[in-house]
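A short worksheet on the structure shown next.
The values are calculated or read from the model by the stated rules, or taken from the named source; none is laboratory data. Computed from a prediction, not measured in an experiment: that's the story for all the values here. Methodologically, a virtual Cβ is constructed for each residue, glycine included, from the backbone with ideal geometry; neighbour enumeration extends over all protein chains shown. SASA here: full protein model, heavy atoms, side chains in, ligands and nucleic acids out. Shrake-Rupley method; radii C 1.70, N 1.55, O 1.52, S 1.80 Å.
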Amino acid sequence: MLVGAGTVVDARQVDEAVAAGASFVVSPGLSVSVVRAAQEAGVPVVPGVATASEVMAALELGISTVKLFPAGVVGGPAVIKALSGPFGQVRFVPTGGVGAGNLPDYLGLPSVLAVGGSWMVDRGLVVAGDFAEITRRTARAVSIVAGSRA
């Protein structure tokens, strides 16, 4: 199992995450300082993008796997299909608006490496200690993934 750190927004957080044992970092946007800090620390970084210009900037920094964020707001699977044309070498990890209902739409795209989402481990469920519901949602997601990869 690999453990990463998400919502990393500055170089200091990269250093803290790596010191705590993170094997990779994920950022909501494309920050040169975050990318460089992760590269200097020797850990993969998945920066967030929402436009073709940001994808190009990521490629210039040596990054070919990006987080599409917020995926649901910027066009979802349609924008991934559109960006995959000129950027065939890029893999996407959509987050933001991904859930059980549209998971197969994302996973059916060859350029999607993985998806992220909080629908399985909703903050309210954690606060309420409703681990049975978290388990149910997670099992459903695993089932959806298994079905879409078959």
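The table that follows gives values for the structure above.
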{"read-out": "Residues with amide H under 5 Å from that of Val112, placed H, sequence gap 5 or more", "value": "Phe92"}
{"read-out": "In nm, spacing of pseudo-spin labels at Gln89 and Val121 (7 Å Cα→C-beta vector)", "value": "3.4 nm"}
{"read-out": "³J(HN,Hα) computed for each position of the range 76-91 - Karplus, 6.51 cos²θ - 1.76 cosθ + 1.60, integer Hz, glycine/proline x", "value": "x, x, 4, 6, 5, 4, 5, 6, 5, x, x, 10, x, 8, 9, 10"}
{"read-out": "Residues with amide H under 5 Å from that of Leu68, placed H, sequence gap 5 or more", "value": "Val49, Val93, Thr95"}
{"read-out": "The range 92-118 and the range 15-77: distance between their alpha carbon centers, rounded to Å", "value": "17 Å"}
{"read-out": "Using θ = phi - 60° and Karplus 6.51 cos²θ - 1.76 cosθ + 1.60, couplings along the range 41-50 (whole Hz; Gly, Pro as x)", "value": "7, x, 10, x, 10, 10, x, x, 9, 9"}
{"read-out": "Mean ellipticity per residue at 222 nm, deg cm²/dmol - from DSSP H runs of n ≥ 4 across the chain, formula -39500 (n - 2.57)", "value": "-13500 deg cm²/dmol"}
{"read-out": "Interchain or long-range residues, amide H under 5 Å from Asn102's placed H", "value": "none"}
{"read-out": "The chain, accessible area per residue, ligands and nucleic acids excluded (1.4 Å, Å²)", "value": "52 Å²"}
{"read-out": "Local electrostatic count, Val9, Cβ distance below 15 Å [Lys/Arg +1, Asp/Glu -1]", "value": "0"}
{"read-out": "Phi-based couplings in Hz for the range 65-73 (Karplus 6.51, -1.76, 1.60; Gly and Pro marked x)", "value": "10, 10, 8, 7, 9, x, 3, x, 7"}
